[in-house]
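Colleague: Quick one: the structure is below, and I'll ask about it shortly.
The values are calculated or read from the model by the stated rules, or taken from the named source; none is laboratory data. Just so we're clear, the structure is a prediction, and the values are computed from it rather than from any experiment. Using ideal geometry, Cβ is built from the backbone for each residue, glycine included, and neighbour counts are taken over all protein chains shown. Calculation scope for accessible area: heavy atoms of the full protein, side chains included, ligands and nucleic acids excluded. Shrake-Rupley method; radii C 1.70, N 1.55, O 1.52, S 1.80 Å.
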Amino acid sequence: LQQDIPRAIELLTEAARLGDLDAHNKLGRMYFFGKDVEQNVARGIRHLQHAAIHGHPNSRHMLGLHEYVEGNHDLASQHFMISSKMGLGESLNEIKDMFIEGNATKAQYAEALKGY
């Protein structure tokens, strides 16, 4: 089965325009990493932010990873805490790792555990 990447991107873009949060998440990751499209980190982040603001936990987690890599540990922990409260175990593990590394407080880790 031959893939039609341009058509897939067109359909994802239309779905995102119509409010599909998974489409925003997929487009965000594609543009962020440059997978099957020309890399455009800012565009990727905009898609991820839109999905995160509207309750998509995986997008929120991805934003947390981005902020962590950028050295914005406070913002990263906020993203991880929100997505862990939405039930995303990966985010809870990130908060735990940040706590072990000294980049998150015991209170933040406790709050994330309680919310999960």
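Colleague: What is the calculated FRET efficiency for D4 to K96, with r their C-beta to C-beta distance and R₀ = 30 Å, to the nearest 0.05?
Modeller: E(calc), rounded to 0.05, equals 0.10.
Colleague: Using the alpha-carbon atoms, what tilt in degrees (0 to 90, nearest 10) does helix 57-69 show relative to the longest principal axis of the chain?
Modeller: The angle comes out near 70 degrees.
Colleague: If I fit a long axis through the Cα atoms of helix 21-33 and take the longest principal axis of the Cα atoms of the chain, what angle between them do I get, 0 to 90°, rounded to 10?
Modeller: Orientation of helix 21-33: about 90 degrees from the principal axis.
Colleague: Rounded to whole Å, give me the distance from the Cα center of segment 6-63 to that of segment 67-84.
Modeller: 19
Colleague: Given a 1.4 Å probe, how much area per residue of the chain is accessible, in Å²?
Modeller: On a per-residue basis, 60 Å².
Colleague: Project the alpha carbons of the chain onto their principal axes and report the range along each, largest first, in whole Å.
Modeller: 49, 26, 23
Colleague: Can you give me the distance in nm between label points at Q49 and V69, each placed 7 Å from the Cα along the Cα-to-Cβ direction?
Modeller: Result: 1.8 nm between the two label points.
Colleague: While we're on this one: Can you give me the % of accessible surface on the chain that is carbon or sulfur? Probe 1.4 Å, all protein chains present, nothing else counted.
Modeller: Numbers: 3620 of 6970 Å².
Solvent-exposed carbon and sulfur of the chain make up 52 percent of the total.
Colleague: Run the quick spin-label model on A110 and L11: label points 7 Å from Cα toward the beta carbon, then report their separation in nm to one decimal.
Modeller: Roughly 5.0 nm, to one decimal.
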